[in-house]
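What follows is a single structure, written as structure tokens, with notes after it.
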Amino acid sequence: MHVRLLSLLLTLTFATLVCGLFADEAFVVDWHVASIGSIDPSRAILSPDSVAVFSDSSVLASLDPGNGTVRWRYFLRESAVPRPSLLLKLDSSAILLAAATPADAAITHIAAWIEDSGYLIWEAYLTGGAPVGVSVAGDVYILQSGGKVRRVSHLTGSEVWEYSLPEGHSPVDIVASKGKVLIITRKQDSGLGYFTVNAESGEMASDRFVVVDKNAAAVSFSKSEGYGADILSWTAPGETSTIMVANLSDTTPSVHTITPKHLYASFSLASTSTGVVVAFTGLDGKSWAESYSSSRGKLTLVGSTDPTESASAVGAGKLFEISKGSISSFTLDSVDVNAEGTTEVSFPSSPIEFVTCSSSACLVGYQNGEYVFSSTTGVTWTRDESVTNVVSAIFMELEEEGQTASLGEVLFEENAAPLQAYIHRVKRHWNALAGLPQYLISFFHRFLSGDYDAVPIDPNSTVSDTFGFRKFIVLATTQGGLRALDTAHAGALAWKVDDVLQSDTIVGIVRSDAKDRLFVVGAFGSVAYVNGVTGKIIALSKIAQFGLGDKVESVITFTDDGVQYVAAWTAHAQLHFLSGSTPSKPVYFSKATESAIVGFIYKEDRLIHTWKFTLPTSSYRITSVASRDPDDTTVSVGRVLGDRSVLYKYLNPHILAVAAVDDATKSAALFLIDDVTGRLLYSSFHDDEVVDTAAGVKVVVGEHWVVYSYWSELATRGEKLVVLDLYESDIRNVRWSEGQNFSSFADTPLPFVQGRGYLFPEHITSLAVSRSRFGITNRDIIATLDTAQVALLRKRLLDARRPINREPTNDEKEEGLVKYDALIGNDKRFIVSHVYKVIGTEKTVCSPAHLESTVLVFSYGLDLFFTRITPSQPFDLLSKSFNKGQLLLTIFALLVAVRFTGPMVRRKQLNMRWGTQK
Amino acid sequence: MLRWNIIVAALFILVILVQTVSAHSLRGFLDSTVSNGRLLTFSPSTEVVLRSAEAKYKTYVRADGTSFVFLNVTAGSYALSVNSAEHVFPTLRVDVATADVEVFLTHPGNEWSFKGPRQPYPIELRPFGPAVYYQYREGFNVLKLFKNPMLMISLLTLGMVFVLPKIMDSMDPEQLKEIQQEQAKSVPSALANPMNFDVASYLAGKASGPSSGSSASHSKAAGSARSRKS
């Protein structure tokens, strides 16, 4: 098979440049948090042996009810939307999901899945609108928004019959039982009512639309689902004191009126074996429940609970009350509501969003994004899904443990008078002697244990390990909370704060001048100053002179004379500095809109609009903007070629890479702009390639280069990765800047740009570039893929100088260049996330470890993925294959050899001197 | 669930026949047999993706563990790939037309107009092999140690140390003298004196010729050679 041979050849070619993860490092240096997203109670099925969920993030998942881990999950972004969708049990071992398709809301996707293994049983696409109601009675009966009713085989998903509602009916719900199908609709002039359709034939059983109420307002429907009766409930318009109910399981349904004890704000109704139970939430926020028994065509109140602050929900035949510190259960029978027992449980303190219960346990959703699964004996498990909705993520440096000299002390010794500094230093060393025994003990312990890896650190401490592999990742969630994850302990929660900005939504978090402090900025001008290591809120304030109706759009940082200024940029084009002071020198920045980049200068406390860059035609739209990481450092100003001549890098920190697509012509373009003056430095256009404009262009800016990627159909299908290397001049050893800093305002030549295109077989969803501590280590490109993986591409591989159609010359070989081959990444060893399924990642952030060789990488989106990478090999770290025993053994063997051969040599030399040697 | 597996396997064909959705449906299976007769298993999360510039369809392996079905596919030219954590699959080109479905083998980097060998329909996908994400460290191996050319050379030299004196002894004294003189002449200075190797000029790309300073080292080397002889 020639394809296989070709792959093998490719694999061999790139063996040197593909540095796969070592098998013994997998699951050690990396971790992964598999998330499902926000849970909606209407799309959650609780049963004793499973919890099935279709989340707001389009993830269909089955959770282990014992510990809350994901048994299986599918990211159904392409085939099903969460709203509108319905999730229900098909039978004891399978679940059914009916949802509108993302491409066309008038098509329903319906699929059945085996609940324990997760295999797909069948699926079908049904025209006729989004799903409104689904009922399972052997086969599946589905009511669609377009007025179609279908019976679908529960074994194959094929259609048995189809029925169309008469004109003028808007569908409400469907319930199938005992050979008949009730279709509840609303008719324009007659009100709420139902049809009856024969389940076998799909024909209308009685040619009558039975009206139950002429002017029903909010309608809810409680299906028995194998327990109790099918109860239709609704309210009269503008009425908050009564509820109307009709039992559709009766042969001739009659309408009853329920008048609760107090006025209610909302209610939920469930059927029991003897009647109904209604859980109310009052106008004062308190909740209570009332149980009604149905006998001889009448509904009579049999019992109720007292209004409390707790939330209540009804499982099958049971009532549960969840308060902040306890869970109580009540049995419901035809006589009374009986308290069964209360268990003291510590629940999250965040307000409850929903409670949904089965007969034995409840799933409680909290506003901070936490979900607690609790039975009457206590909390079974907790899942924190707030990390699926991350606004922004930031690495927090931790202090190293037992540092002998603080920065202040070292600075004192460097700057004080020599004698004073010397005395200070001697004193410091004398004091440090106290720690010597401890040091010696730990040294010998380490020597004997042979553990030269990162020293284990107490998970409860807030100190860094020797190599700086331990940091906290602070995540700002859309629910307004902060979460800090410990990189060294598989992403364990270090601390959390809910509702940091007091019901303001977080727009961004930035590190302040003090290393462990964070600014958290909200949309409506709230600013929290937070200790990023402990999670303590130091100060909470509002931006002064914040415009009425204004909104913070983003947070910008400026550095002026080593001082960092943090500012909030608002929708009304205002710039508010958060740290109080404003920069003394003018600062420049730019903002991207849909079709233009606008430049600003902030000078003498005034904001002046300076330049505007508009795209060539109006049909272009900007998909991404990137600039170089301001903390990225450059150690070498040039690139040394094989003959020791130098190409000088075009090092301009103000390069702004703007990527745009044209939806009409299916083309893409990239512009490099000077951020200060708006000068166009370079542009490239990709016309006639049929670009996937919906996926957009992903772009990153490295040291003196830009890498961008887009999917296109021509000349070959694939993700095109383009690298542009920028040099001061194309002539070797020529440097017009002459080593001086140049100003963006000066009339400088345009950079010399060298480019190469590469082909990557998978769809790339985002790009990022690694950053090491001192910038000596190479840079890697981190790409998140559409296949739920994270790939690592060497910048050395994405080189614009690789020779085309010929072998590299000796000089080029010395430069580290290999022959150009367009196709890269056709090897699984590029996948740094290996067997993890990292779904929905949208962004990657990097942070250097204390070691120059190592970079910490964190991808987030739906899932979280963390790993450590070494773009230039772990040159400053002892390899895992280092065998201390072997080394000691070799030394010992040599000693023995010397001991034995020594006398032999001595004897020989002696013989030589005496001349007795033969 | 065993029950579902049986039902699905039995009704698989029926699904295809009964499907009444207006657009096309595609079916295929992942070949679970490999050359040595071992059966492969495909996890339920094995995704099969059908993609063109306009549309993307994704489905999963069915409960029988090998088959997959795409429903509601519009006509067009698609790339079909399998996204599996365990196996690497080839990419196929699937042309869906109103009349029939054509399947070709393709490879990333090929021009789309270039069609590979025709493949059968229903689609049959045989994995290339297991997905290899890892590198493996080479442990200590005595045999490998002895395969190392450096070690072989040093062992040979070590052997010569013992063997050469024996040969020398058996040689004619005059012949020996001749050889020694020739050796002293022919050894180039740079090699004879690695201590004088100029690292800086080598790195700077300058030809480190035996020009400067080597004459002194030459005489020194000769001198030392002579002294050893006496």
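The values are calculated or read from the model by the stated rules, or taken from the named source; none is laboratory data. Small disclaimer: the values here were computed from a predicted structure and weren't measured. Heads up, the Cβs are rebuilt from the backbone with ideal geometry, glycines too, and the neighbour counts pull from every protein chain shown.
Could you please let me know if A:SER503 is farther than 16 Å from A:THR570 by Cα, of a type in the set (S, T, N, Q) and in contact (Cβ under 8 Å) with a residue 40 or more places away in the chain? Outline the logic, then answer.
Details: farther than 16 Å from A:THR570 by Cα: yes; of a type in the set (S, T, N, Q): yes; in contact (Cβ under 8 Å) with a residue 40 or more places away in the chain: no.
Answer is no for this residue.
Kindly list the number of the only condition in (1) under 26 Å from A:GLU703 (Cα atoms); (2) part of a strand (DSSP E or B); (3) free of Cβ contacts under 8 Å to residues at least 40 places away in the same chain that fails for A:ARG644.
Result: A:ARG644 fails condition (2) only.
Limited to segment A:195-250, what total is found for residues that are farther than 28 Å from A:SER47 by Cα and outside any strand (DSSP E or B)?
Total meeting the criteria: 17.
So which residues in segment A:891-918 are surrounded by fewer than 10 Cβ atoms within 10 Å (Cβ to Cβ), within 25 Å of B:ILE167 (Cβ to Cβ) and not basic (Lys, Arg)?
A:MET904, A:TRP914, A:GLY915, A:THR916
Among the residues of segment A:448-467, is any over 18 Å from A:VAL510 (Cβ atoms), assigned to a helix (DSSP H, G or I) and modelled with pLDDT under 90?
There is at least one residue in segment A:448-467 that is over 18 Å from A:VAL510 (Cβ atoms), assigned to a helix (DSSP H, G or I) and modelled with pLDDT under 90.
Can you tell me which residues in segment A:106-139 are assigned to a loop (DSSP other than H, G, I, E, B) and either modelled with pLDDT under 90 or acidic (Asp, Glu) (or both)?
A:GLU115, A:ASP116, A:GLY138
Restricting attention to segment B:34-87, which residues are free of Cβ contacts under 8 Å to residues at least 24 places away in the same chain, out of contact with any strand residue (DSSP E or B) (no Cβ under 9 Å at 6 or more places or on another chain) and within 27 Å of A:ARG829 (Cβ to Cβ)?
Correct list: B:SER35, B:ASN36, B:ARG38.
Among the residues of segment B:75-126, what is the count of those that are touching a Gly at 6+ places or on another chain (Cβ under 9 Å), within 10 Å of another protein chain (Cβ to nearest Cβ) and of a type in the set (Ser, Thr, Tyr)?
1
Residues in segment A:817-831: is at least one in a strand (DSSP E or B) and within 12 Å of chain B (Cβ to nearest Cβ)?
Looking for residues that are in a strand (DSSP E or B) and within 12 Å of chain B (Cβ to nearest Cβ), one finds at least one in segment A:817-831, hence yes.
Out of everything in segment B:151-169 that is within 14 Å of another protein chain (Cβ to nearest Cβ), modelled with pLDDT of 85 or more and surrounded by 10 or more Cβ atoms within 10 Å (Cβ to Cβ), what residue ends up being farthest from B:ILE179 (Cα to Cα)?
Step by step, filter segment B:151-169, then rank; the result is B:LEU151.
So, restricting to strands (runs of 3 or more DSSP E) that lie completely within segment A:290-363, which ones have at least 3 residues that are over 18 Å from A:ILE258 (Cα atoms)?
Details: elements: A:298-304, A:311-315, A:318-322, A:326-332, A:337-344, A:352-357.
Because the criterion is at least 3 residues that are over 18 Å from A:ILE258 (Cα atoms), the strands (runs of 3 or more DSSP E) in segment A:290-363 that meet it are A:311-315, A:318-322, A:326-332, A:337-344, A:352-357.
With respect to the numbered conditions (1) facing chain B (nearest Cβ under 10 Å); (2) buried (at least 23 other Cβ atoms within 10 Å of the Cβ); (3) more than 20 Å from B:SER25 (Cα to Cα), which one is the sole condition not fulfilled by A:PRO131?
(1)
Kindly check whether there is at least one residue in segment A:846-868 that is assigned to a loop (DSSP other than H, G, I, E, B), under 30 Å from A:SER464 (Cα atoms) and without any contact (Cβ under 8 Å) to a residue 60 or more places away in the chain.
No: segment A:846-868 contains no residue that is assigned to a loop (DSSP other than H, G, I, E, B), under 30 Å from A:SER464 (Cα atoms) and without any contact (Cβ under 8 Å) to a residue 60 or more places away in the chain.
I'd like to check something: does segment A:201-210 contain any residue that is free of Cβ contacts under 8 Å to residues at least 60 places away in the same chain and within 45 Å of the chain's Cα centre (by Cα)?
No: zero hits.
Considering only residues that are within 14 Å of another protein chain (Cβ to nearest Cβ) and under 18 Å from A:THR196 (Cβ atoms), look in segment A:143-167 and name the one that is surrounded by the fewest Cβ atoms within 10 Å (Cβ to Cβ).
Result: A:GLU162.
Given (1) out of contact with any helix residue (DSSP H, G or I) (no Cβ under 8 Å at 6 or more places or on another chain); (2) more than 14 Å from every other protein chain (Cβ to nearest Cβ); (3) of a type outside the set (Phe, Trp, Tyr), identify the lone condition not met by A:PRO803.
Condition (1) is where A:PRO803 drops out.
Read through the list (1) within 10 Å of another protein chain (Cβ to nearest Cβ); (2) farther than 16 Å from B:LEU125 by Cα, then give the number of the only condition that B:GLY37 fails.
(1)
Please work out which one of (1) within 24 Å of A:ARG644 (Cα to Cα); (2) surrounded by 21 or more Cβ atoms within 10 Å (Cβ to Cβ); (3) at pLDDT below 90 is the condition A:GLY816 fails and give its number.
If we test A:GLY816 against (1) within 24 Å of A:ARG644 (Cα to Cα); (2) surrounded by 21 or more Cβ atoms within 10 Å (Cβ to Cβ); (3) at pLDDT below 90, just (2) comes out false.
Looking only at residues that are under 33 Å from the mean Cα position of the chain (by Cα) and farther than 22 Å from A:ALA596 by Cβ in segment A:636-672, which one is nearest to the other protein chains (Cβ to nearest Cβ)?
A:LEU651
Can you tell me which of A:ALA15, A:ALA61 is surrounded by 17 or more Cβ atoms within 10 Å (Cβ to Cβ) and either under 26 Å from A:ASP173 (Cα atoms) or at pLDDT below 90 (or both)?
Working: A:ALA15 fails: surrounded by 17 or more Cβ atoms within 10 Å (Cβ to Cβ).
Just a single option satisfies the conditions, and that option is A:ALA61.
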